[in-house]
Amino acid sequence: MPVLNRIQGTRIVATPAALDAARWPSDALVLRIAADEAFVTATVTAIDDPHAIDDPHAIVAPDGGFVGLWLPAAEAHDFLERCCEWEVPSARPVFAQGMVAGLPVKLWLEEERVLLVVAAPYATDLQERLL
């Protein structure tokens, strides 16, 4: 059975311009959930770099509410072809999100692999659908 691991990160709500111009840790994935919201797979704080997010009203908070699983690209393609009713972007790397197998799923697509991310309460549901 596939194992989904908790993803520790930072949720940031800020103006779209501030998120567009933000300086993110080089080893982090930035999942742009909405125009004014991002989930970053790293710890981001205003203390480390007060200019990282140029929005005095930004909300920057730790978030451990997501789980994820990396799949090889071919395996992810097979799963998405069966369970995704919308067209998955062909460009790589790219972030996409939508309903997959009846669940709200976030995808980080790379050439060789794909990260499937769901809110932690959906972990078991996604595991079952992957089988």
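Yes/no matrix, rows are residues, columns are (1) charged (D, E, K, R); (2) closer than 15 Å to Leu4 by Cβ:
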{"position": "Ala73", "(1), (2)": "no, no"}
{"position": "Gly98", "(1), (2)": "no, no"}
{"position": "Glu110", "(1), (2)": "yes, no"}
{"position": "Leu126", "(1), (2)": "no, yes"}
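Specify the residue that is modelled with the lowest pLDDT; the eligible residues are those in the stretch 29-60 that are touching a helix residue (DSSP H, G or I) at 6+ places or on another chain (Cβ under 9 Å) and acidic (Asp, Glu). Out of the qualifying residues, it is Asp54. The lone criterion from (1) open to solvent by 90 Å² or more (accessible area, probe 1.4 Å); (2) modelled with pLDDT under 95; (3) in contact with a strand residue (DSSP E or B) (Cβ under 8 Å, 6 or more places away or on another chain) left unmet by Arg23 is number (3).
Scanning the stretch 55-85 for residues that are farther than 24 Å from Gly9 by Cα, touching a Gly at 6+ places or on another chain (Cβ under 9 Å) and open to solvent by less than 70 Å² (accessible area, probe 1.4 Å) gives Cys83, Cys84.
Quickly run through the stretch 86-107 and pick out the residues that are of a type in the set (D, E, K, R) and open to solvent by 60 Å² or more (accessible area, probe 1.4 Å). Across the stretch 86-107, the qualifying residues are Glu87, Arg92. Does Pro89 satisfy being closer than 16 Å to Gln127 by Cα and either of a type in the set (Phe, Trp, Tyr) or in contact with a strand residue (DSSP E or B) (Cβ under 9 Å, 6 or more places away or on another chain) (or both)? For Pro89, the condition - closer than 16 Å to Gln127 by Cα and either of a type in the set (Phe, Trp, Tyr) or in contact with a strand residue (DSSP E or B) (Cβ under 9 Å, 6 or more places away or on another chain) (or both) - is not met. Right, Arg6: outside any strand (DSSP E or B), open to solvent by 70 Å² or more (accessible area, probe 1.4 Å), among the basic types (Lys, Arg) and touching a strand residue (DSSP E or B) at 6+ places or on another chain (Cβ under 8 Å) or not? Against the criterion (outside any strand (DSSP E or B), open to solvent by 70 Å² or more (accessible area, probe 1.4 Å), among the basic types (Lys, Arg) and touching a strand residue (DSSP E or B) at 6+ places or on another chain (Cβ under 8 Å)), Arg6 does not qualify.
The values are calculated or read from the model by the stated rules, or taken from the named source; none is laboratory data. Just so it is clear, the model here is predicted, and its values are computed rather than measured. Don't worry about glycine lacking a Cβ; one is built from the backbone with ideal geometry, like all the others, and counts go over all protein chains shown. Quick note on the areas: whole protein, heavy atoms, side chains included, nothing else; ligands and nucleic acids left out. Shrake-Rupley method; radii C 1.70, N 1.55, O 1.52, S 1.80 Å.
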